[in-house]
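Undergrad: Structure in structure tokens, see below.
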Amino acid sequence: MSSLDRLERHRRFWTGEPVDQPLQGVSREGAFFLQPFVALGVPDGDLRVADVPAPPLFRAAYYEPTLAGDPTDGDLLWVAKPPRALPWMEAIIGCCVEVAHCAQAMSALAPGVLPDLDRFDAEANAWLGLMTAFTRELAEWYGLRVPIGQTLMRGPSDMLAAFLGQGFYTEMIDHPDRIKRLARQCTQIWIQVLKSQYQHIPRYRGGYVSGIMGIWAPGPVAVYQEDAAGFISRQMYQEFFWEGDAAIAAAFEYSLLHLHSAALQHLELVLAIPQLTAVNVVVDPRGPALPDLIPDLQRIQRAGKALHLHGDLSEADLQLARSRLAPAGLCLWVVREK
């Protein structure tokens, strides 16, 4: 049992101040994010914004059963957020959304006609309007009793990979200036969307909780990812997406960038983002085993970034992490398949 108050331990996660043990929790959600949509009868196939069940219907189908009356997940906090199964950012920039029950997921597909992102209108965007409706409903339902936060918002490379389809990879070679322009536009839209949500997210115990990652912070937190960048070279990431990731980190008081253990080729560049506060690494089932990841995880801590480590971690994994990694600025989050 730590001698420190829970939120003080959370605050110290971001700053790297001394603690006697790392933060640790077990997710109550598992990885089956399509569940509430299945429960509400959403069929396979194309999903239009008008087909998404109204936010109040999700309260009984998802929020209340998942909350189970208590927002704590071990040392961490469960956050009420717009449903994370939806590919929000891809849909917001004009991608089509497809429901696949067999995959237990939703996918974002390239639109037939690419919209002009220079003409992005936040006020008129139906998907952004739906995200805001969920955020406002959650704030009204739960008030200050349960933290409200950011949903899963994929980063600029993921947005562009969906927006362009297979052309995402060839365009970086054939039309690099176009990709740089689109990446800047996606970055600006990403920042605009999250800032718009913070206008409706109430403070929880004087701060905010880092969306799906469950860690409280004294100020707004941006949680983002670049999964599509895991399939490109280090040089391509630096040329097309590093600047945008740095801009997102600079736009918010706290920031956490999600990476996969099987795609850490950009880690040195990520650690060079000046205002990035924390790095999340998910231990992939088919990627390197945790013992092989320890040197990279130690590099993250040596660079002065907080480390949020998650995956289907065994007790042996947890013991290894606690023995080889510094407790200061460390969070261990266990996510079991359900």
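Just so it is clear, none of the values below were taken in a lab; they were calculated from the coordinates. Fair warning: this is a prediction, and the values are worked out from it, not measured in the lab. Glycine also receives a Cβ, built like all others from the backbone with ideal geometry; neighbour counts cover every protein chain displayed.
Undergrad: Could you compute how fast the stretch 95-148 diffuses translationally, taking Rh as the Kirkwood radius over C-alpha pairs and applying Stokes-Einstein at 4 °C with viscosity 1.567 mPa s? Give it in µm² per second.
TA: It comes out at roughly 93 µm²/s.
Undergrad: Considering the convex hull of the alpha carbon atoms of the stretch 48-158, report its projected area averaged over all viewing directions, in nm², one decimal. Intermediate values should be presented prior to the final figure.
TA: On the way: hull surface 34.3 nm².
Mean shadow area of the hull around the Cα atoms is 8.6 nm².
Undergrad: Right, here's the next one. What list do you get for Ser323, Ser27, Ser107 if you sort them by fewest beta carbons within 10 Å?
TA: On the way: Ser323 8, Ser27 18, Ser107 15.
Ascending Cβ contact count within 10 Å gives the list Ser323, Ser107, Ser27.
Undergrad: Which values, in whole Å and largest first, are the semi-axes of the equivalent ellipsoid of the stretch 154-279 obtained as the square root of 5 times each eigenvalue of the Cα gyration tensor?
TA: Those come to 27, 16, 12 Å.
Undergrad: Counting other Cβ atoms within 10 Å, which trypsin sites (Lys or Arg not before Pro) in the stretch 33-102 have at most 14 and lie in a DSSP loop?
TA: Counting only loop positions with at most 14 other Cβ atoms within 10 Å, the trypsin sites (Lys or Arg not before Pro) in the stretch 33-102 are Arg48.
Undergrad: Which value in Å does the Kirkwood hydrodynamic radius of the chain take, with 1/r averaged over all unlike C-alpha pairs and then inverted?
TA: Every distinct Cα pair counted, the radius reaches 20.4 Å.
Undergrad: Could I ask something else about it? Among Val52, Leu40, Thr15, which residue has its Cα furthest toward the positive end of the charge dipole of the chain, with +1 on Lys/Arg Cβ and -1 on Asp/Glu Cβ?
TA: The Cα lying farthest towards the positive end belongs to Thr15.
Undergrad: Right, next: Using the Kirkwood formula over every pair of different C-alpha atoms, what hydrodynamic radius in Å results for the stretch 115-206?
TA: Hydrodynamic radius (Kirkwood, Cα only) of the stretch 115-206 equals 14.9 Å.
Undergrad: So if I average 1/r over every pair of distinct C-alpha atoms in the stretch 71-123 and take the inverse, what Kirkwood radius in Å does that give?
TA: On the way: mean 1/r = 0.0738 Å⁻¹.
Every distinct Cα pair counted, the radius reaches 13.6 Å.
Undergrad: Can I ask one more? Mind listing the phi-derived Karplus ³J(HN,Hα) values for the stretch 231-236, rounded to whole Hz, using 6.51, -1.76 and 1.60 with θ = phi - 60°, and x for any glycine or proline?
TA: Ordered by residue, 3J(HN,Hα) equals 9, 10, 6, 4, 5, 5 Hz.
Undergrad: Can you return the aspartates and glutamates within cross-link range of Lys81? Criterion is Cα-Cα under 13 Å, with same-chain partners fewer than 8 residues away left out.
TA: Leaving aside aspartates and glutamates fewer than 8 places away in the same chain, those within reach of Lys81 are Glu29, Glu64, Glu137, Glu140.
Undergrad: Starting from the 7 Å offset along Cα-to-Cβ, what nm value, one decimal, do you get for the label separation of Glu29 and Arg205?
TA: 1.9 nm
Undergrad: Plugging the Kirkwood radius over Cα pairs into Stokes-Einstein for the stretch 26-87, at a temperature of 37 °C and a viscosity of 0.692 mPa s, what D comes out in µm²/s?
TA: Taking Rh from Cα pairs, D becomes 257 µm²/s.
Undergrad: Can you give me the long-range amide H partners of Ala222? Hydrogens built in the peptide plane at 1.01 Å from N, cutoff under 5 Å, separation of 5 or more residues or another chain.
TA: Here the answer is Tyr254, Ser255, Leu256, since their amide H atoms fall under 5 Å of that of Ala222.
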